1. Let's see if you can work this out: charge +1 on each Lys and Arg Cβ, -1 on each Asp and Glu Cβ, no other charges. What is the dipole magnitude of the chain about its Cα centre, in debye to the nearest 20?
2. Would you mind calculating the relative contact order of the range 391-492 from Cα pairs under 8 angstrom and at least 6 residues apart, reporting the percent as a whole number?
3. Evaluate the charge dipole of the range 508-604 about its Cα centre and quote only its size in Debye, nearest 20, assuming +1 on the Cβ of each Lys and Arg and -1 on the Cβ of each Asp and Glu.
4. So, counting K/R as plus one and D/E as minus one, what does the shell of residues with Cβ under 10 Å around residue 186 add up to?
5. Taking the dipole about the Cα centre of the range 482-606, with the C-beta of Lys and Arg at +1 and of Asp and Glu at -1, give me whichever of 524, 549, 564 is farthest to the positive side.
6. Classify the range 239-298 as rounded, prolate or oblate from the Cα gyration tensor: take a ≥ b ≥ c as the square roots of its eigenvalues, call it rounded if a/c is under 1.5, otherwise prolate when a/b beats b/c and oblate if not.
7. Which value, in Å², gives the accessible area per residue of the range 234-291 when a 1.4 Å probe is used on the protein heavy atoms?
8. Counting only protein heavy atoms and a 1.4 Å probe, tell me what percentage of the chain's accessible area is made up of carbon and sulfur.
Amino acid sequence: MNNSRHNILMPANRILIRKLGILLVLISLFTAAVSAQDRVRPRALAVSPDRSCVVTANRIAGTLSFVSLPEMQLHSNVEVREVDVGNEPLDVLWLSDSIIAVAVYRDQCVKLFEREGSRLQILRTISLSGHPVSMTHARNCQELLVSLQHPDSVQCISVDSGALLREYHCGNLPRFLVLSPDETWFCVTCELPGSLYCFDRNTGQLLSRQEAHQTAFNLGQPELFSGSEVIVPLTINRDFPITEGNLTRGWAVNNRLAKFNVPSGNELEQSQFGLDVRGHGVADLTLVRSNPAGTKLAVLASGVQELILLKTSDLIWPTSGVDDFAPHYLTETPGILTRIKIPGRPIDLEFLDNETVLVANEMQDSLCLIDLKLGSITKELKLSHSNHKSEIARGEQIFYDGLRSKDGWMSCHTCHYDGHTSGQMFDTLNDVTYDTKKLTLSLHDVAKTEPWTWHGWQPDLTESMSKSLRETMHDPHAASFDDARALASYLETLKPISATKLPASVDREAGQELFYGKGGCISCHQEPDFSSGLRYAVGRVESHSIYQVFNPPALRGISSRRRYLHHGRAHSLKQVLTLYHRPEETSGAELTEDEIEQLVNFLSGL
């Protein structure tokens, strides 16, 4: 009888064991090996303090990649481990030799992981009131500074408890942080206008606010230099129409470095110089780093796929006006400026020593070791199995590629930051008139909100992409239909940013009733995207415009924008409803101040 029972149970046990084995293999693959089959897109990298390993925050895959640094430097066959972290991680840093912090943008949290040998184990998730972009670590007191968007602020978090210790109220869309060596103060870059804010870390006192000269935007990762100066890469909106001639002359955008005195400097003391040369723009300056000796600055020109190396002792920071092109001495004097080509999109960088850098290459899904003396990549480690030939991947590469514009001055990303909006005003001549600037529209959910352009005259998204490549970017590559289709396919993947978290005490239902009822908003902003396929005459048209109607933009994720309406004059939803797009002028409804506030609360939650 026992034998009979044994014979009956054995097949079941074998099946159970086999299933368990398969499960263990799957778990092992998930936590230990490269699993991404398409786009990983490393946005940030961090080398451990003991230099034993490097991690990357992979924006599209939603993962961390984990690599032994000595193995990468010495061997060709290197194991890449990968662990899931959430929806769109944008930054990663080491809090110690074993603890890693990851800023997960769309999940509105920071996650802490512990390294145990060759594996990462999650320790804690710290929920935040907004979307984290970047972090810096005050090691002496174990505090984490995190820049947040929607709503905008910098928060100081206890590493040990995850508690909110302090909040610093800064400008719009804070992005990148830099902490003083003694950890007593820090700076953060902000947008609209492009500015540098400096705070006392302990007291929260604002030490200075310095707005970059001219119309600066897309401020990149800054570097603290010589203890009292911060160097920031940035783009300048030159405010001229986007024509081929103006691009060539440097009259559309400039790409520059700006130097600010900190922490208590005056913005009038700042200096700037350009890095674009005639016929060779440097689109999308995303980062500047100094080597340990302070003798070289490494600047990433992500759009044109270059690392620009500058000899610091020979740099001249002008005290007056800035030319549209780089100073002549930079290119005419040997040894001051060196360019190193990094095909793909170099996006983050760390110096390993004075002559070696490690670069996260976003569009190639790789890590690159670069010898600065040789001026070339010595090793590249792939973080994905993909050959990047899918239509979406090709469209994404075109979107971020500054070489698809005339002379490499800008990319699609320059104006539509990560597929959203830079909040800048440009005249692309899209309405067949000259000097009628329009606010750059967000591309989130753009594939669902036909027709396109502010005036809604374009019924075909692929043709719209083709026209943008030809007549806005002035693409030197003679963009094909396949290019335009790939770009449109990539845009189909862009989703709105989740609504701003509102206090529990806020009554959104009252605003919802106004939106659907008395306010009459639903007439032009219809579900599910709160847009419309029609065009409406709502006034506010330039006198020389040939179009008298507008297509309403979608309202999903509207709280993630900082300028509104085609003219960009409204800087808040309240200004939209009280100054420039008043319900009494659009639907005939007169709303009280309380009702305006209720409507703003509802819109902020979309």
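The values are calculated or read from the model by the stated rules, or taken from the named source; none is laboratory data. It should be emphasised that the depicted structure is a prediction, and the values quoted were computed from it without experimental measurement. Cβ sites come from the backbone with ideal geometry, for glycine too, and all protein chains shown count toward neighbours. Note: accessible area is taken over every heavy atom of the protein model, side chains too, but ligands, DNA and RNA are not part of it. Shrake-Rupley method; radii C 1.70, N 1.55, O 1.52, S 1.80 Å.
1. In debye, rounded to 20, the chain gives about 1360.
2. Values: 160 pairs, mean separation 36.0, N = 102.
Taking the mean separation of contacting Cα pairs over the length of the range 391-492, I get 35 percent.
3. So the magnitude is around 540 debye.
4. Local charge sum for residue 186: -1.
5. Of the candidates, 564 comes out farthest on the positive side.
6. Since a/c reaches 1.5 but b/c is at least a/b, the shape of the range 239-298 is classed as oblate.
7. Values: 1690 Å² over 58 residues.
With the other protein chains kept in place, the range 234-291 gives 29 Å² per residue.
8. Ligands and nucleic acids excluded, carbon and sulfur give 51 percent.
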